[in-house]
Every structure is written in C-alpha cells, then in structure tokens.
Amino acid sequence: MMSDQDAVALTRDLLRFDTVNPPGRERECARHAGALLEGWGYRVEYHEYAEERTSVIARAGGSDAKPPLCLTGHTDTVALGVSPWTRDPFAGESDGDRLYGRGSSDMKAGIAAILLAARTVSKKLSGTPGIVLVLTAAEEGGCIGSQHLARTQLLGRAGAMIVGEPTSNYPLVGHKGSLKFHAKFRGVSAHGSMPELGVNAIYKAAKAVSRLESFDFAVKPHPVMGGPTMNVGTFAGGQGVNMVPDEASIGVDIRTVAGMDHQALLSRIGDLLGEEAELEVFSDMNAVWTEPGQAWVQRVFEICGKVLGARPEAKTATYNTDAGNLLKVYSGAPTVVLGPGEAKLAHQTDEYVSMERIRQSVAIYEALIRDWCGL
Ligand SMILES: [Zn+2]
C-alpha cells in the first residue's frame, strides 16, 4: 500500500525532469512514468509525434460490457518566465504544506496522483471495465500531443474522462473551445511613390479586422460558460514604408461555448471576409461540456463533496485542456476537469502545490476508479 509520503515524493521525482515547453523533451519523464506503470502490471505504449516528444498510454483491465475510465494529464510545463524564482524550480523544495516547482500545480502533482491511484488498484482491475491513462506531451501552447493521439488510432475507447488539470480538487464540468486561425491577404507590389500601380494587401487586412471587430456570434450565452469571444491578436504585413505591400496577415483567437459548430462559424467568417481571405486554421478544439445532471457527474460530485465538505456546483474552467482533442475519439464521454493543483498558481513564478491536496487527490481518483470498475 502507498503511504502519504509517496504522493509527495513522486511529484518531486516528476518535478526533477525539465519538461519546459518549448522545447518540451518529455521523453525521460514519460519513460519514468511508463516504467512505474509497467512495474505495476499496466500495458504501456509510448508514442512520439516528434523526437523526444513522448506521450504514454497505459491500460489495465477491460471488458466488452463497459468501456474503461480515462484519466489524463500532460507532462510538459511552461517556461520559467522572466522574474527570478526564490525557489529551485526543479528540486521539489517544500515549506510547510507547499511543494514548489515549475509544473507542481500544472500539473505534475496531478500526474503523480493519477499514477498512485493507478498503483493502488492495479491488481484488482482484471475482468472489470478497467482504466486507460493518457499522459500527453506538448499540451502547453497548442495541445499538439493529444492532437496527434486523436488523429491516429491509438486511444482506443473510454466511457468517461477525468482531466487532472489544476482545480483544487473541485470538479469542473467543462471549458470553452478554441478556434484559432490566420487570415492572409495578397496584393501586388509597387513603388510607394506609385501606389496606383499596386494592390495594397494591408488595406484588405485592415478592412477584415474592422469587420471582425463588429462580428456578431448570434448565439445565446451559455448558462455557465457565458458567451463566446473573439480577439484579433496579431497583424503583420509590409516590407518597407516605400513599398505597396503585397502580403498581410492577421491572427484571430476565438473562444467558443458548448453547442457551437466550428465549421459553421468558420464558413460565416469566410463569407464575411470574402474570397480574398485565405484562412489557415491552426487550432480547432470544441468546447467541453457535460450536463451536471448526468449520472456519472453526479457520482463525481458526491465523491468529491465528501472531501471538499460541500456538494460541488456546476462550474467550468477558464483554460483549455487536452479533452478538446481526446473527445474527438472518446466522443460523448462525460468529462470532468479535476486535479490537485491550484489554477491561480499555474504558469506563475514560485509555483507551488498543496501537499495535502495531492493526498486528497489520490483518494478521490482511487474512489472514482473503484466506482467506475465496481471494486
Ligand atoms: Zn495544464
């Protein structure tokens, strides 16, 4: 059996791997987690979408009657930032209840809790629906690892999903979706003293930005998530002030809410901007939303409520997760975001996690696995 010490010790072990993304280099950390899982009897696969960018899929149990429960998390972290740290970001220093390190809250504590819950039940899953663990590379800055897994046939199936991102062990029933694209406009170059001989691509891009500023999504606000948003975040074009620019491009970030169809939205935007806009979508993940009244979500609320001291209400995360990609394969699986880290500490200088929350998280995950598998 595990001791309380193990949950913190394992988080510390994971913190020692530098998986700052970019460049990522999750391989060693992923192999460490995978080796532990293999030692506990899991069937482990490694998948690399690029050199050293390693995701892990581990399974135990399995039955035809009911698909497994998926627990997922990412092993990469964001950069340290420009402000100096007062703690070593990779040593796992502790102070009182706080365990410091880059990725402590987001989300190596979550990975450690998933691993330890998996260890506790490892010998009991045979003949049950079982579990599938998906430990992804490259979540930060685009969910590239999970996108790769979703495009291939590697994920198998899952009947429900827990995303171990930082929520202070409060189960969240979804988050907004993300649709990001560049729109490129072409013109004809000419000397700046004879603009009538050219076609100015920046004028085209500027008109597009104006149209987008007054874009009406025409959707009712979601009762929990609120409304969708749009931001034009980049504007580029022109090579010199004395030239007519023959190319310009803008970068657009749309956050959607549950129920919105990204293809339909894109085609509306395409119509609005006209044929001259070349749209290049580089991130497309639907909003994640599970009805709070759904039976399994109610079980999650009950189990978490015992630890939290009050029954949770329906809330959603402000950030994106890998679930947007994984649900392309685990279509319709009820999903909660639930992990021991503190969301407000994610990406911060001197990031830390509550050690007590890591221990609670192991107990919550274990209870949810037992509930799903009928142990
Ligand atoms: Zn995260």
* **the range 266-277 residues that are touching a residue at least 24 places away in the same chain (Cβ under 8 Å), paired with ones that are assigned to a loop (DSSP other than H, G, I, E, B) (beta carbon under 9 Å, 6 or more apart)** => I269/F215; I269/A277; L272/F215
* **Hits in the range 120-153 (condition: under 17 Å from L327 (Cβ atoms), hydroxyl-bearing (S, T, Y) and surrounded by fewer than 20 Cβ atoms within 10 Å (Cβ to Cβ))** => T152
* To do: Quickly run through the range 322-349 and pick out the residues that are within 16 Å of the ligand (Cβ to nearest atom) and of a type in the set (F, W, Y).
  => none
* How about the range 276-328: which of its residues are over 19 Å from L69 (Cβ atoms) and β-branched (V, I, T)? -> V281, T316, T318
* Pull up the range 49-65, narrow it to residues that are surrounded by fewer than 24 Cβ atoms within 10 Å (Cβ to Cβ) and either within 16 Å of the ligand (Cβ to nearest atom) or charged (D, E, K, R) (or both), then point me to the one that is nearest to L345 (Cα to Cα). => R53
* Tell me, which residue of the range 14-47 that is acidic (D, E) and free of Cβ contacts under 8 Å to residues at least 24 places away in the same chain is nearest to R87 (Cα to Cα)? -> E28
* Structure fact -> If we ask which residues in the range 81-93 are out of contact with any Asp or Glu (no Cβ under 7 Å at 6 or more places or on another chain) and surrounded by fewer than 16 Cβ atoms within 10 Å (Cβ to Cβ), their number turns out to be 6
* To do: Of all residues in the range 220-257, count the ones that are hydrophobic (A, V, I, L, M, F, W, C) and in contact with a helix residue (DSSP H, G or I) (Cβ under 9 Å, 6 or more places away or on another chain).
  => 9
* Asked: So which residues in the range 143-159 are in a loop (DSSP other than H, G, I, E, B) and within 12 Å of the ligand (Cβ to nearest atom)?
  -> C143
* To do: Would you be able to say whether some residue in the range 231-240 is within 18 Å of E165 (Cβ to Cβ), among the hydroxyl-bearing types (S, T, Y) and surrounded by fewer than 21 Cβ atoms within 10 Å (Cβ to Cβ)?
  => no
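Every residue, every condition in (1) small (G, A, S); (2) at pLDDT 95 or above, yes or no:
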position	(1), (2)
L80	no, yes
P84	no, yes
A109	yes, yes
L115	no, yes
I131	no, yes
C143	no, no
* To do: Would you mind finding the one in Y352, Y319 that is over 15 Å from I111 (Cα atoms), touching a helix residue (DSSP H, G or I) at 6+ places or on another chain (Cβ under 8 Å) and within 16 Å of the ligand (Cβ to nearest atom)?
  => Y319
* Considering only the range 211-266, how many residues are touching a Pro at 6+ places or on another chain (Cβ under 6 Å) and β-branched (V, I, T)? -> 3
* Structure fact -> Within the range 284-316, residues within 16 Å of the ligand (Cβ to nearest atom) and within 12 Å of the chain's Cα centre (by Cα) come out as M285, V288
* Could you check the range 263-359 for strands (runs of 3 or more DSSP E) lying wholly inside it with 1 or more residues that are under 30 Å from L15 (Cα atoms) and β-branched (V, I, T)? => 335-337, 352-354
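The values are calculated or read from the model by the stated rules, or taken from the named source; none is laboratory data. Small disclaimer: the values here were computed from a predicted structure and weren't measured. Ideal geometry is used to build each Cβ from the backbone, glycine not excepted, and the neighbour counts take in all protein chains shown.
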